[in-house]
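Asker: Below are the structure tokens for one structure; questions will follow.
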Amino acid sequence: MAEATIPIVEIKDVSKIFQLQDQTINALSGANLAIRKGEFICLIGASGCGKSTLLRIMAGFETPSSGEALMWGKPIDGPGPSRGMVFQDYALFPWLSVRDNIAFGPAARGLSSGEVKATVDKFIDLVGLQKFATAYPHQLSGGMKQRVAIARVLANDAELVLMDEPFGALDAMTRERLQDELLEIWERTRLTVVFVTHSVEEAIFLANRVVVMTPGPGRIESDNALDLARPRDVASPEFNAIRRVLGAKLHSHHGKKAA
Amino acid sequence: MGNPQASALWSRLKPVVYAAIVPLLLLAFWQVATTQRWTLLIPTPWQVGEYMIDFAVGGVYDDAYSATLLTHLLASMGRVYGGFALAALFALPIGLLIGRIPAARMLLDPFLQVMRPIPVTAWLPLSMILFGLGAKSAFALVCLGAFYPILLNTVFGVRAVDPKLFEAAAMLGCTGNAQFYKVVLPAAVPSIFTGLRLGLGLAWFVIVVGEMTGVPQGLGAVIMDGRTLSRTELVICGMIVIGVAGYLSDRVVVAIGNRLLRWSPNNHG
């Protein structure tokens, strides 16, 4: 299948430099990455490794200082509905109900009100928030808010879902539930997901490729394909073996600095 | 507190009882001060109460001010709401411009910051020269008083929109000018509303100054007449009516706000 070989997103030798007053920050240096349709990729690394910058370049919120970011072979030129972003702090519209938050994208794209309604119903069902359809964001728990954020991206037909530490602010129980739900949605819809996290465990649990990044300057340290069977058992020896390997890669730059 | 019904009743009454304590103490002090003749220039609460009835419906003194409360109240309300509406008409669009467009901010902000500290009272003579003695001048002064709080809160509201919401809107396909209507305006509504509430409060606050311009009717005019005629009970009646009217007006605004801003966790006034 052609789709399986042409990458949905291609990052070619991308660097990003931020100029802050008299300070120059090399947020990302010489990154290369190809993401194929249907993949679940986790970007992992300590703060300052450029994982969020890379994600924001894919989203179109940042432009590369050098190199190319392509989607289906064309340069990414600003944010757009084909690439949906799920933020750590939800970024829901507080003045809109759950329904209207999910309807925001479909309405902005000019769907008829009947189509918008049908789409919203479908995705409210998918994330299990039927009972909260008319609630406002401030009335929801963190987990529910993040479900709304996921639903509004899916309702907008995003081909690529970009998630910036989406479960980082949630308690452990809620996080595990949402991880399961996200995997279920991913398996059902064959979405492509790029997921930023700083938790090795979360990355191994979710991804079929884990991209390890290191700071100073931010760069891609290694790209690790995982072929663990799903559902994954965090207590299994295989899981822990991978965790050890990735953990070592994650901290490799400390050794270099000390030497 | 064994009886749950009694404690439920108490929890309902508690705010009312607490709210009444300070006014009642003040009233008691006023009563004592006037009956003990600590001052001879201020009438007793009883006299003022009696006069208030005459002012409202007549039948006690039957003088020039008997049964004229409604006339004066309506005259003042016309100026308060008219001046307020005019202020909102100018302040909202100017505030949106200053908040969103850097050039408008550079052009207008320094000028308005210098004009803002000038009190409405200082504008009184100039206003009378510009707009003449009478209603137009009163209208202009009330408008000026309500203008700045609406302006400043509108500017703040549109500038304080969470930048993440622009990113969220953009990635959902809402970009450019559409963001103004879909993101900036709704996000700024709580601040704008606060501005309108403060503006209306200030419109009531400056009504007396506004009506120093020689208007024949209005609560401010009544107070000024009371001063000239040394009729302190008239002055106090005018003050009470302004206080009550301003308070009721504010409650209506708050009720509208609570309905309109149900989504906002910070708005439960």
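Quick grid of which residues meet (1) modelled with pLDDT under 95; (2) under 26 Å from B:Leu185 (Cβ atoms); (3) of a type in the set (Asp, Glu):
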residue: B:Ala33; (1), (2), (3): yes, no, no
residue: B:Gln47; (1), (2), (3): yes, no, no
residue: B:Ala56; (1), (2), (3): yes, no, no
residue: B:Leu73; (1), (2), (3): no, no, no
residue: B:Tyr81; (1), (2), (3): no, yes, no
residue: B:Phe84; (1), (2), (3): no, yes, no
residue: B:Leu89; (1), (2), (3): no, yes, no
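Asker: Please enumerate the residues belonging to the stretch A:192-249 that are in a loop (DSSP other than H, G, I, E, B), hydroxyl-bearing (Ser, Thr, Tyr) and under 28 Å from A:Gly84 (Cα atoms).
Answerer: Of everything in the stretch A:192-249, just one residue is in a loop (DSSP other than H, G, I, E, B), hydroxyl-bearing (Ser, Thr, Tyr) and under 28 Å from A:Gly84 (Cα atoms), namely A:Ser199.
Asker: Given the options A:Leu228, A:Leu191, name the one that is free of Cβ contacts under 8 Å to residues at least 40 places away in the same chain and either surrounded by fewer than 19 Cβ atoms within 10 Å (Cβ to Cβ) or of a type outside the set (Lys, Arg) (or both).
Answerer: A:Leu228
Asker: Among the candidates A:Gly168, A:Gly114, single out the residue that is surrounded by fewer than 21 Cβ atoms within 10 Å (Cβ to Cβ) and outside any helix (DSSP H, G or I).
Answerer: Exactly one residue qualifies, and that residue is A:Gly168.
Asker: For the stretch A:101-110, which positions are more than 8 Å from chain B (Cβ to nearest Cβ), over 10 Å from A:Val148 (Cβ atoms) and crowded, with 19+ Cβ neighbours inside 10 Å?
Answerer: Selection gives A:Ala103, A:Pro106, A:Ala107.
Asker: Now a separate question. Just the residues that are within 14 Å of chain A (Cβ to nearest Cβ) and either on the phi > 0 side of the Ramachandran plot or in contact with a Lys or Arg (Cβ under 9 Å, 6 or more places away or on another chain) (or both), please, taken from the stretch B:235-269.
Answerer: The one that is within 14 Å of chain A (Cβ to nearest Cβ) and either on the phi > 0 side of the Ramachandran plot or in contact with a Lys or Arg (Cβ under 9 Å, 6 or more places away or on another chain) (or both): B:Gly257.
Asker: Kindly indicate whether A:Ala135 is touching a residue at least 60 places away in the same chain (Cβ under 8 Å) and either outside any strand (DSSP E or B) or of a type in the set (Phe, Trp, Tyr) (or both).
Answerer: Considered against the rule, which asks whether it is touching a residue at least 60 places away in the same chain (Cβ under 8 Å) and either outside any strand (DSSP E or B) or of a type in the set (Phe, Trp, Tyr) (or both), A:Ala135 comes out as no.
Asker: Could you tell me which numbered condition B:Leu152 fails, if it satisfies all but one of (1) within 14 Å of chain A (Cβ to nearest Cβ); (2) hydrophobic (A, V, I, L, M, F, W, C); (3) crowded, with 20+ Cβ neighbours inside 10 Å?
Answerer: B:Leu152 satisfies all of (1) within 14 Å of chain A (Cβ to nearest Cβ); (2) hydrophobic (A, V, I, L, M, F, W, C); (3) crowded, with 20+ Cβ neighbours inside 10 Å except (1).
Asker: Now a separate question. Among A:Ile242, A:Ile204, which is the only one that is farther than 19 Å from A:Ala34 by Cβ, of a type in the set (Val, Ile, Thr) and under 18 Å from the mean Cα position of the chain (by Cα)?
Answerer: A:Ile204
The values are calculated or read from the model by the stated rules, or taken from the named source; none is laboratory data. Keep in mind that this is a model prediction, so the values were computed, not measured. Positions of Cβ are generated from backbone atoms using ideal geometry, with glycine treated the same way; all protein chains shown enter the neighbour counts.
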